[in-house]
Amino acid sequence: MYDLTQYKIKSEPIILGIESSCDETACAVIKGRKILSDEIISSATEQAKYGGVVPEIASRAHTDAIDEVVERALKNANVAPSQIDAVAVTYGAGLLGALLVGLSFAKSFAYSLNVPLIAVNHIRGHLAAAYLDMPTLKPPFVTLLASGGHTAILHTKSYEEAEALASTCDDAAGEAFDKVARVLSLPYPGGPNVQKLAEGGRACIQFPSALVRHGDGMTFSYSGLKTAVINYCNSARQRGAVINRADVAASFQKAAVDALVDKTVECALKLNADTVTAGGGVIANDYLRARLKRACDDNGITAVIPPKRYCTDNAAMIASEGLNMYLRGEFSGLEVNACASLPLAAAKKFTKICVRLRARKFFVR
Ligand code: KG4
Ligand code: ZN
């Protein structure tokens, strides 16, 4: 029987994390904030043949890879299943079929070991990657979140609460990188290929900033920037002019990234924050990483920018957010289902079906 009534919270638990929201099947084992192992099997090469992620191919690839990735993570961590204190898994947002593979595996694993199941919001996982990079990190701080589906600057007030200081009013930054990659005939995955092409170009084309005025304040708009790049390429082609693709990539990258960095540092200075963290796939961009680090250094702000492997999808970040939730006793029942779309704050909704900690004992609400 799955009975956690006698379960005792540990301060440095061993947590197994599973991530399968898109095209990466990943499993990691952490002890406290220390990463013991971190395995990824990706179907990106297969997906590249189709120019993007095909949900059915992703689901099948997860089914094929999940056993092996978990086995490898346990072996490399030198941890036996019986030593695991909790299983953390992405339950959303993402591709439904893909999520279900990881979630079903995690449920049966947690059930068989009689340890808590922790259902993690993928985006909160991206935010929690910073704690792995700097285990002494504690809120409050300012966070730059830039992924394929989200672009926002957050005031991370506590482990649970984050307030949006700025966000996009249309496309996400990663989405714009992917669309510009297509216009420049670059293969999937778009972002890293735009970066590679930009390395050989000059940012000499004036594209509009991704930061636009909106009412009384400023907001990000990546749709406008993307359209400007598309129009530039199409009108050059119509004139029969040869475009310098590397210059287009470098100019787009500069416009896309400068807005993120400038606004993040502005928010940190306004709030008098001494630390800025960053998370999400776009943070793997070398130009962004260098610019954010320099801008923070120039203003006496500590920049916590996780290694690239922990910016793109991985399971260590899921285990890291799993640890935050574990320490609060925020566990899920086995009835938890996968969600294709989730707001950042959705974890709160789950309290009803969560097993919650009270004075080192649990009860079901
Ligand atoms: O966080 P992530 O791996 O998945 C989501 O949760 O969305 O982010 C994927 C996004 C894609 O749009 C991808 O093109 C972008 O991150 N990305 C990059 C780079 N690496 C990944 N964008 C720019 N430069 C990169 N090096
Ligand atoms: Zn992601």
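The values are calculated or read from the model by the stated rules, or taken from the named source; none is laboratory data. Quick caveat: nothing in here was measured; it's all calculated off a predicted structure. Cβ placement follows ideal geometry from the backbone for every residue including glycine, while neighbour counts extend to all protein chains displayed. Accessible surface is based on the protein model in full, side chains and every heavy atom, while ligands, DNA and RNA are left aside. Shrake-Rupley method; radii C 1.70, N 1.55, O 1.52, S 1.80 Å.
Observations
- Inter-probe distance in nm under a simple model that places probes 7 Å from Cα toward Cβ, at Asp67 and Lys196: 3.4 nm
- Computed on protein heavy atoms with a 1.4 Å probe, the accessible areas place Arg291, Arg239 in the order Arg239, Arg291, largest first.
- Relative contact order computed over the chain (Cα-Cα under 8 Å; 6+ residues apart), in percent: 23 percent
- Over all other residues within a Cβ to Cβ distance under 12 Å of Leu292, the charged ones net out to 0, with Lys and Arg as +1 and Asp and Glu as -1.
- Segment 79-136 and segment 279-335 have Cα centres spaced 16 Å apart.
- Fraction of antiparallel bridges per DSSP, segment 1-129 only, in percent to nearest 5: 60 percent
- Spin-label model, Asp274 to Arg239: label points 7 Å out along the Cα-to-beta-carbon direction sit 5.3 nm apart.
- Computed over segment 140-309, the quotient of the alpha carbon radius of gyration and 2.2 N^0.38 Å is 1.03.
- Whether segment 1-148 is rounded, prolate or oblate, judged on the alpha carbon gyration tensor where a/c under 1.5 counts as rounded: oblate
- For Asp3, the accessible area of its heavy atoms, probed at 1.4 Å with every protein chain present, is near 70 square angstrom.
- Signed unit charges on C-beta, dipole axis of the chain, positive-most listed residue Val248, Phe177, Thr151: Thr151
- Rounded accessible area per residue of segment 140-309, 1.4 Å, Å²: 44 Å²
- Simple spin-label estimate for Lys293 and Glu46 in nanometres, 7 Å along Cα-Cβ: 3.6 nm
- With helices as the sole contributors, the chain gives -13000 deg cm²/dmol at 222 nm; each DSSP H run of n ≥ 4 counts as -39500 (n - 2.57), and the sum is divided by every residue.
- For the chain, carbon and sulfur atoms together expose 53% of the accessible surface, with a 1.4 angstrom probe and every protein chain in place.
- Out of every Cα-Cα pair that the chain contains, those further apart than 36 angstrom amount to 23 percent.
- Given charges at beta-carbon only (K, R positive; D, E negative), |dipole| of the chain in Debye: 480 debye
- Among Ala106, Ile123, Leu137 the positive-end extreme of the charge dipole of segment 97-189 (Cβ point charges): Ala106
- Count Lys and Arg as plus one, Asp and Glu as minus one, and take only other residues whose Cβ is under 10 Å from that of Ala61; the net charge is then -4.
- Acute angle (nearest 10 degrees) that the helix 316-328 long axis makes with the longest principal axis of the chain, alpha-carbon atoms: 50 degrees
- FRET E, pair Ser223, Lys157, Förster distance 30 Å, beta-carbon r, rounded to 0.05: 0.50
- The charge dipole of segment 140-309, taken about its Cα centre with unit charges on the Cβ atoms of Lys, Arg (+1), Asp and Glu (-1) only, comes to about 740 debye.
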